[in-house]
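S.K.: The structure is given below, and queries will be raised subsequently.
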Amino acid sequence: MSMTGTLFDIQRFAVHDGPGIRTTVFFKGCNNRCAWCHNPESLIVRPQIEFYPTRCIGCGKCFTACPNGAHVLKDGEHVIDRARCTGCGLCADTCYATALTKKGYTATVDEVMETILADKPYYESSGGGVTLSGGEPALQPEFALELLKRCKAEGLHTAIQTAGNVPFPVLQSLLPYLDMVMYDMKGFAPSVYKWYVRGDRERIFTNLRLLDEEFEGTLAVRTPVVGPVNDTEEEIGAIAEMLEGFKHLSYYQLMPYHALGKAKYDALDEHFEESFYTPSTEKMTLLEDLAARHVRVFNYTRGYLHTQEEQ
Amino acid sequence: MAQRHYDMIEGLHRLKLQHNDEKLRRMGGSWDSDDHGWIPLDLTEPVEPVRDEKSGLVTGMDAVTRTFVKYLDAHPVFMHEDSAFAGCWIGNVTGMSDPWRDEERFFENEAQLPLYNITTRGLYAMNHCAPDLNIGLELGWGGLLRKIERYEGMHSEDYRDFYEGEKRLVLAIQRFVKRHADRAFELAAQAETEEKRQHFTRIAEDCAYLVDGAPKTLRQAIQWIVFWQDVDRMYFNGGAGQELDTLLQPYYERDVQNGLITDDDEVVWYFASLFFNDPHYSMIGGQDPLTGKDVTSRISFLILEGQHRLNIPNNLALRVHENVNEELFTRAVRYLFEDGTGVCYSCGTGLDNGYARNGRPIYIARMRSKVGCNWTALPGIEYCLQDVTRVCLAKPLLLALDDMLASPEENSMANLLHHYEERLAKAVQLIKDGIDWHVKYKWLNKPEVVLNLVCHGPIERGMDMSHGGVDIVNFACDATALATTANSLAAIEQRVVKEGRLTWEKLATVLKNNYEGAEDIRLMLKSVPQYGAGGTIADRYAKYLADLYTHMMRDTPTHDGFIVLPGIFSHGDVYIHGKNLGATPNGRKAGEAISHSADPDPGFLPGGGTAPTAKANAVAGVQSGWGNSTPLQVDIDAHLAKEMGGVENIKAYIRTHDRMGGTLVNINVVSKEKILEAHKNPDLYPDLVVRVTGYSAFFKSLSPEYRQQVVDRWLANG
């Protein structure tokens, strides 16, 4: 029996998750709670039901399909009683209008590999491969390890996107089967971690330093730049300054926040924080140029911005 | 000097937009086809067709060519200060819409076609074969005339009609060319500036020479092609060009050697002017037939540059193969990103190996050039009638369902498929019978008077190219509605057979009622895992359908022994076949468009997404493998185009499809925001060009239904 993991999506023809044409496997479950997360369905491991009322044709099948009575009428409107919903997905199975969709499923390594290998010729011709993302893939280390081993056995380039909030030995166990690590640094100031990321800052910082010591592949650090949380010269400058001393860092990348996750928050009946904003292009350029004084910066349209030393 | 040439190209771009507005006005607001390059001018005088005395129709060599001559003589001349070349076409030869003679019409066949939803039937069709323009370039119009006279002298009176007709046409073309020379001399004399005087004098001298002489320089060679293109278009919209780079490379290199060409920007302007004249389908790159080496040369880049700088609808193809010139390939993809549309990518590996399976040497297969919307043909030696014959895979399914329910047999998937195979076989036979009939009578009704001039054999033998004029004869037929039918079969198997959620009778009833009052059933049927997702029931049926159709079409020749090469391609039949088709078990309502070519339906992945790799895998998996195209249509978000590695990723994508046996890749690059805005306000984006199917067009020119098709694909991209 092939090992199983909990996923919420597999994206093919992914071109922003490492080099070349890739397949990105999204693990479900994360132990940070970044307030701006654009994948709210990735946070908890348990499957969840998304509800898109505009697609509902009012057939009522979900009401009878649900064993827990989670579909209820509230003031004449169809809503999901989230306290009763276990995410079993029986309602979604009957919802042909796709107003209800189950987010999260269990997949075996074999099943995931079948999808991955369907695009193997494209990885070979583009220098692409497979990226584990999430959620936090390192929270399902056995499954991630097995998947990576199988990918390497197929000769595929492998990458992981991690926020690093796990014990280092967990990350360490995956490294022999990884060609690239994309490590998220959500901010520098302790307050960013306390109020917005809600993850263990010390562990995240320490793990990155240890990775720089031990990992022999490509190490990239990425920061989602979220206004007004960390879109400042102080925040980005401090991260870049810290990275300056790193021996194996390939590049540092700043990613502007976007609000595309709003529809999913609504569909999960979860609060979407409206106060965040996307930094302007000018601001992003300024922050990248600032960071480039210390480290090599990568931007998909600007390319690599080299430090003075490199130039 | 470079800037002057680029300014003139920009002038041509603006002129095309002006022409397009006027064309849209004349066409009633939309134009769901190739731009074709026609110019909105009027005949100098009305043309009364010359009709065959016996039938009263414009049929037969004599009536056709006499009418053609009158049309050519009344056709306006055209030249412009920004174009290197004179010539244009304004419409089709008057009276050609007359049908074939009654006694040569296949009425019995025609009556059965609607039952099978066959609208593009091959029978009675024109053109759709490749010319070998080397013949014309080597001889010129005068040389062609003398060739006709020479061979006429070797033939009996029985061939007089054929030779007199061809001679009559060439003489009229010569007059057409001469009128352009005369007009250019007049414009030169009236020119207000020395620059304009020189411009029109140059055109006048070349045209005057080309009335009789064979082109000596690159500019003369392209001017000759321009006139040929115009005449070809006038006669039933002929649109096949040739491998432009290998065709014109000797002229270019000789001119450079002789010091006649000192500035490549001037050559870029030549090609922009050629593409302004007409977007005849043509090709660059590819392999030398004998050695297999890539044939790219300097002129290949100049042709591409001309297309890029003009930036209007164009039908240039780059032939991709294992040793494709990397620089040309990179530049083609880069321009695709910059312009949003560009060349299409003809995949040599699948096409060449497939055609060779027909018992042709690989060097013959490599000669098959991409000169049509979705298709390839051997220049000047093959009568193939591509892209005008299509079988709808979905209609036989609806008929089969009725057949099974009316029979005493049990209702089962196996029985349904048994009836389906019977019905599809009948549709295929209708096509094949039509082809036999076509070959017997076409030459007597609408001979290929233009193509005959530039093929190897018709003039030498005194025989129309459709009737013994060329040695290689094989036909083509494209299947449509693959995804519609595969998803329908999957829906039946899953919902009716496996899950029992629906009875056969109920299925038939909801289909007959066009899902009226049964939206939940429609959505249930629609929500089965789709063709393209990989490993689904629908994927299995897509392969079954493609193989079944391929075997039926290819394994048995027509009664008269002609091979029909299968492909899967829908073109505008997406709408016509859809309009005539009742509701289908995949949740599609009656009258709605059918699926596009062999592409999976938009949103085919679980969760409603799409992925270019999954789509390409699906299309590669249903190729017929006999050398005809089953194209892949992909829409790439413009954001990717701006990114590092974007060009390389798209190149890798195209290259992989070629290696997997794909035959043609059509790509649009545009942002979702832009396409949605343009759909709402087409006038705000007058020069947005999209690749609709195998052809490209101004987005603005398309009808709302065609624009919706492009938009739907984008919405499915997420």
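The values are calculated or read from the model by the stated rules, or taken from the named source; none is laboratory data. Quick caveat: nothing in here was measured; it's all calculated off a predicted structure. Note that we place each Cβ from the backbone using ideal geometry, even for glycine, and neighbour counts take in every protein chain shown. For the accessible areas, the whole protein counts, side chains as well, though only heavy atoms, and no ligand, DNA or RNA atoms are used. Shrake-Rupley method; radii C 1.70, N 1.55, O 1.52, S 1.80 Å.
S.K.: Just one of the numbered conditions (1) open to solvent by less than 10 Å² (accessible area, probe 1.4 Å); (2) more than 12 Å from chain A (Cβ to nearest Cβ); (3) not in a strand (DSSP E or B) is not true of residue B:656; which one?
M.R.: It fails just one condition, (2).
S.K.: From the list A:35, A:14, pick out the single residue that is on the phi < 0 side of the Ramachandran plot, in contact (Cβ under 8 Å) with a residue 60 or more places away in the chain and more than 12 Å from every other protein chain (Cβ to nearest Cβ).
M.R.: Numbers: A:14 fails: more than 12 Å from every other protein chain (Cβ to nearest Cβ).
Exactly one residue qualifies, and that residue is A:35.
S.K.: Any chance you could count how many residues in region B:621-645 are under 19 Å from residue B:713 (Cβ atoms), more than 7 Å from chain A (Cβ to nearest Cβ) and touching a helix residue (DSSP H, G or I) at 6+ places or on another chain (Cβ under 6 Å)?
M.R.: 5
S.K.: Quick test for you: out of A:80, A:49, A:116, pick the one residue that is modelled with pLDDT of 95 or more and within 18 Å of residue A:261 (Cα to Cα). Working first, answer last.
M.R.: Details: A:80 fails: within 18 Å of residue A:261 (Cα to Cα); A:116 fails: within 18 Å of residue A:261 (Cα to Cα).
On inspection, the qualifying residue turns out to be A:49.
S.K.: Restricting to region B:487-507, give me the number of residues that are touching a Leu at 6+ places or on another chain (Cβ under 8 Å) and either more than 14 Å from every other protein chain (Cβ to nearest Cβ) or acidic (Asp, Glu) (or both).
M.R.: The total comes to 7.
S.K.: Would you point out which residue out of B:449, B:473 is open to solvent by less than 20 Å² (accessible area, probe 1.4 Å), touching a residue at least 24 places away in the same chain (Cβ under 8 Å) and away from every other protein chain (no Cβ under 13 Å)?
M.R.: Numbers: B:473 fails: open to solvent by less than 20 Å² (accessible area, probe 1.4 Å).
That would be B:449, the only listed residue that is open to solvent by less than 20 Å² (accessible area, probe 1.4 Å), touching a residue at least 24 places away in the same chain (Cβ under 8 Å) and away from every other protein chain (no Cβ under 13 Å).
S.K.: Across region B:1-57, which residue is most open to solvent (accessible area, probe 1.4 Å) among those that are of a type in the set (Phe, Trp, Tyr) and not in a helix (DSSP H, G or I)? If you could, list the steps in order and put the result at the bottom.
M.R.: Here is the first cut: in region B:1-57, the residues of a type in the set (Phe, Trp, Tyr) are B:6, B:31, B:38.
With not in a helix (DSSP H, G or I) added as a condition, the list becomes B:31, B:38.
Working: B:31: 53, B:38: 22 Å².
Checked region B:1-57; the qualifying residue most open to solvent (accessible area, probe 1.4 Å) is B:31.
S.K.: Ok, one more. Suppose we keep only residues that are in contact (Cβ under 8 Å) with a residue 40 or more places away in the chain and within 14 Å of chain A (Cβ to nearest Cβ) within region B:532-577. Which one would you say is most open to solvent (accessible area, probe 1.4 Å)?
M.R.: Among those residues, the one meeting the criterion is B:534.
S.K.: Could you name every one of the helices (runs of 4 or more DSSP H) located completely within region B:572-653 that has at least 1 residues being more than 22 Å from residue B:702 (Cα to Cα)?
M.R.: Working: elements: B:573-579, B:612-621, B:638-641.
Ranges flagged: B:612-621, B:638-641.
S.K.: Search region A:114-138 for residues being buried (at least 21 other Cβ atoms within 10 Å of the Cβ) and among the hydrophobic types (A, V, I, L, M, F, W, C), and hand back the single one that is nearest to the other protein chains (Cβ to nearest Cβ).
M.R.: A:116
S.K.: Moving to a separate point now. Pick from region B:28-60 the residues that are over 23 Å from the mean Cα position of the chain (by Cα) and of a type in the set (Val, Ile, Thr): which of them is farthest from residue B:707 (Cα to Cα)?
M.R.: B:50
S.K.: Quick check on my filter: what residues within region B:279-309 are part of a helix (DSSP H, G or I) and open to solvent by less than 10 Å² (accessible area, probe 1.4 Å)? Reasoning before the result, please.
M.R.: From region B:279-309, those part of a helix (DSSP H, G or I) are B:298-309; that's our starting set.
Of everything in region B:279-309, those that are part of a helix (DSSP H, G or I) and open to solvent by less than 10 Å² (accessible area, probe 1.4 Å) turn out to be B:299, B:300, B:302, B:303, B:304, B:306.
S.K.: Among the residues of region B:5-26, what is the count of those that are touching a residue at least 24 places away in the same chain (Cβ under 8 Å) and within 25 Å of the chain's Cα centre (by Cα)?
M.R.: Residues meeting the conditions: 9.
S.K.: Okay, moving on. What about residue B:606, is it within 14 Å of chain A (Cβ to nearest Cβ) and crowded, with 24+ Cβ neighbours inside 10 Å? If you could, list the steps in order and put the result at the bottom.
M.R.: Details: within 14 Å of chain A (Cβ to nearest Cβ): yes; crowded, with 24+ Cβ neighbours inside 10 Å: no.
Here the answer is no, as residue B:606 does not meet what is asked.
S.K.: Same structure again: Quick check, is residue A:20 surrounded by fewer than 17 Cβ atoms within 10 Å (Cβ to Cβ), within 12 Å of chain B (Cβ to nearest Cβ) and assigned to a loop (DSSP other than H, G, I, E, B)? Before you say what the answer is, go through the steps one by one.
M.R.: Working: surrounded by fewer than 17 Cβ atoms within 10 Å (Cβ to Cβ): no; within 12 Å of chain B (Cβ to nearest Cβ): yes; assigned to a loop (DSSP other than H, G, I, E, B): yes.
No, not satisfied.
S.K.: Filter region B:491-505 down to the residues that are assigned to a helix (DSSP H, G or I) and free of Cβ contacts under 8 Å to residues at least 60 places away in the same chain and list them by number. Walk me through it before giving the result.
M.R.: We begin by selecting, within region B:491-505, every residue assigned to a helix (DSSP H, G or I); these are B:491-498, B:504-505.
Across region B:491-505, the qualifying residues are B:494, B:495, B:496, B:498.
S.K.: Oh, and also: If you go through region B:108-118 one residue at a time, do you hit one that is in contact with a strand residue (DSSP E or B) (Cβ under 6 Å, 6 or more places away or on another chain), more than 26 Å from residue B:39 (Cα to Cα) and part of a loop (DSSP other than H, G, I, E, B)?
M.R.: Yes: region B:108-118 contains one or more residues that are in contact with a strand residue (DSSP E or B) (Cβ under 6 Å, 6 or more places away or on another chain), more than 26 Å from residue B:39 (Cα to Cα) and part of a loop (DSSP other than H, G, I, E, B).
S.K.: Would you say residue B:330 is among the polar types (S, T, N, Q), surrounded by fewer than 21 Cβ atoms within 10 Å (Cβ to Cβ) and more than 22 Å from residue B:7 (Cα to Cα)? First the steps, then the outcome.
M.R.: Working: among the polar types (S, T, N, Q): yes; surrounded by fewer than 21 Cβ atoms within 10 Å (Cβ to Cβ): yes; more than 22 Å from residue B:7 (Cα to Cα): yes.
Here the answer is yes, as residue B:330 does meet what is asked.
S.K.: Confirm whether residue B:368 is in contact (Cβ under 8 Å) with a residue 24 or more places away in the chain, touching a strand residue (DSSP E or B) at 6+ places or on another chain (Cβ under 6 Å) and charged (D, E, K, R).
M.R.: Working: in contact (Cβ under 8 Å) with a residue 24 or more places away in the chain: yes; touching a strand residue (DSSP E or B) at 6+ places or on another chain (Cβ under 6 Å): yes; charged (D, E, K, R): yes.
Yes.
S.K.: Still on this structure: Tell me which residues, restricted to region B:310-327, are within 21 Å of residue B:5 (Cβ to Cβ) and open to solvent by 20 Å² or more (accessible area, probe 1.4 Å). Walk me through how you get there before you give the answer.
M.R.: Initial filter on region B:310-327 (within 21 Å of residue B:5 (Cβ to Cβ)): B:310-312, B:314, B:316.
Selection gives B:311 alone.
S.K.: In addition: Report whether or not residue A:180 is modelled with pLDDT of 95 or more, touching a Lys or Arg at 6+ places or on another chain (Cβ under 8 Å) and aliphatic (A, V, I, L, M). Step through it out loud before you land on a result.
M.R.: Numbers: modelled with pLDDT of 95 or more: yes; touching a Lys or Arg at 6+ places or on another chain (Cβ under 8 Å): no; aliphatic (A, V, I, L, M): yes.
Answer is no for this residue.
S.K.: Given the condition surrounded by fewer than 16 Cβ atoms within 10 Å (Cβ to Cβ), away from chain A (no Cβ under 14 Å) and part of a helix (DSSP H, G or I), answer yes or no: does some residue in region B:508-529 qualify?
M.R.: Within region B:508-529, one or more residues are surrounded by fewer than 16 Cβ atoms within 10 Å (Cβ to Cβ), away from chain A (no Cβ under 14 Å) and part of a helix (DSSP H, G or I).
S.K.: Checking residue B:93 against (1) of a type outside the set (Phe, Trp, Tyr); (2) over 21 Å from residue B:210 (Cα atoms); (3) open to solvent by 40 Å² or more (accessible area, probe 1.4 Å), which test does it fail?
M.R.: Among (1) of a type outside the set (Phe, Trp, Tyr); (2) over 21 Å from residue B:210 (Cα atoms); (3) open to solvent by 40 Å² or more (accessible area, probe 1.4 Å), residue B:93 violates only (3).
S.K.: With the condition kept exactly as written, say whether any residue in region A:42-50 is without any contact (Cβ under 8 Å) to a residue 40 or more places away in the chain and open to solvent by 30 Å² or more (accessible area, probe 1.4 Å). Steps first, please.
M.R.: Taking region A:42-50 first, the residues without any contact (Cβ under 8 Å) to a residue 40 or more places away in the chain are A:44.
Restricting the remaining residues to those that are open to solvent by 30 Å² or more (accessible area, probe 1.4 Å) gives A:44.
Checked against the condition, which is being without any contact (Cβ under 8 Å) to a residue 40 or more places away in the chain and open to solvent by 30 Å² or more (accessible area, probe 1.4 Å), region A:42-50 yields at least one hit.
S.K.: Across region B:620-649, which residue is surrounded by the most Cβ atoms within 10 Å (Cβ to Cβ) among those that are aliphatic (A, V, I, L, M) and modelled with pLDDT under 95? Write out each step before concluding.
M.R.: Pass one, region B:620-649, residues aliphatic (A, V, I, L, M): B:620, B:622, B:632, B:634, B:636, B:638, B:640-641, B:644, B:647.
Next cut, modelled with pLDDT under 95 only: B:634, B:636, B:638, B:640-641, B:644, B:647.
On the way: B:634: 25, B:636: 22, B:638: 18, B:640: 18, B:641: 21, B:644: 15, B:647: 19.
It comes out as B:634.
S.K.: Just for helices (runs of 4 or more DSSP H) wholly inside region B:155-239: which have at least 2 residues that are hydrophobic (A, V, I, L, M, F, W, C) and over 19 Å from residue B:79 (Cβ atoms)? It would help to see each step written out before you state the result.
M.R.: Working: elements: B:160-190, B:194-210, B:218-234.
Here the list reads B:160-190.
S.K.: Of the numbered conditions (1) crowded, with 19+ Cβ neighbours inside 10 Å; (2) part of a helix (DSSP H, G or I); (3) more than 13 Å from every other protein chain (Cβ to nearest Cβ), residue B:683 fails exactly one; give the number of that condition.
M.R.: Status for residue B:683: all satisfied but (1).
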